[in-house]
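A.B. asks: What follows is a single structure, and I will ask about it in a moment.
Rule-based calculations on the coordinates, nothing more; no lab input. Model, not experiment: these values are computed from the prediction. Here Cβ is always computed from backbone atoms with ideal geometry, including for glycine, and neighbour counts include all displayed protein chains.
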Amino acid sequence: MSKARITFESSIKDAEDLLAHFDSMPKPPPENAEVLKRAGLVMALTAWETYVEDRAREEVQARLKAVNGSQIGKFVTGRLEDELKRFNNPNAEKTKKLFSDFLEVDVTTGWEWQHFDVPKAKKTLDELIIKRGDAVHRSKPHTAGAPAAPHLVKREDLEKSIRFLKSLVEATDRALVAA
């Protein structure tokens, strides 16, 4: 298991803890409890983003072991760090490009597991990235007298998202080990 995956497993616990906190609230939960589900989604996708960045670093360092400290090693490492500074919202295409550019591996070809094939995994990830952006930038304040808008993140959606991202990390690690 990669170090990046171990870090991910620890980080995804924040999202799981937020979901557990939401579940522990009295039923029906207060309206302001919706923030826990949004925060859970943000934390889950932040764990994914950190995993992708850490896993790329980890694999590049492993492959550059023979030239570590040399001019070429420093150049590649520097380019990777520059790229990671601009690497945000790791959807399927950005993730594919990062690993393809630096490792010549299309990790997305390994994104298959029970109930998911490559196109469905890519689509699901892309939809979650969009939803994270909405959760961060477009939360709708409740106005008195107006009907409440449906919650952006439903409880079941957060649970499925966490499960999906765990499987995605596992599949990505498998793809890199197989390469």
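A.B. asks: Largest first and to the nearest Å, give the Cα extent of the chain along each principal axis.
C.D. replies: Principal extents (Cα only, largest first): 65, 33, 27 Å.
A.B. asks: Another question, then. Would you calculate a helix-derived [θ] at 222 nm for the chain, using -39,500 (n - 2.57) for each DSSP H run of n ≥ 4 and dividing by the full residue count, to the nearest 500?
C.D. replies: Details: 6 runs with 122 residues, N = 179.
After summing the helix terms and dividing by residue count, I get -23500 deg cm²/dmol.
A.B. asks: What helices in the chain pass both tests, a Cα length along the helix axis of 24 Å or more and a mean Kyte hydropathy of -1.0 or higher, using whole DSSP H runs? It would help to have the intermediate numbers written out before the result.
C.D. replies: Numbers: long enough: 3-23 (30 Å, -0.37); 34-63 (44 Å, -0.38); 118-137 (29 Å, -0.39); 155-178 (35 Å, -0.20).
Correct list, ordered by number: 3-23, 34-63, 118-137, 155-178.
A.B. asks: In addition: Would you please give the FRET efficiency between HIS137 and ASP157, computed as 1/(1 + (r/R0)^6) with r the Cβ-Cβ distance and R0 = 22 Å, to the nearest 0.05?
C.D. replies: So, using R0 = 22 Å, E works out to roughly 0.75.
A.B. asks: In debye, nearest 20, what is the charge dipole magnitude of the chain about its Cα centre with +1 on Lys and Arg Cβ and -1 on Asp and Glu Cβ, if you could check? All intermediate terms of the calculation are to be shown ahead of the outcome.
C.D. replies: Working: 30 positive and 29 negative charges, 38 e Å.
That gives a dipole near 180 debye.
A.B. asks: Show me the GluC sites (Glu not before Pro) within the stretch 46-116 that DSSP assigns to loop and that have at most 10 other Cβ atoms within 10 Å of their Cβ.
C.D. replies: On the way: sites: GLU49, GLU53, GLU58, GLU59, GLU81, GLU83, GLU93, GLU104, GLU112; in loops: GLU104, GLU112.
The qualifying sites are GLU104.
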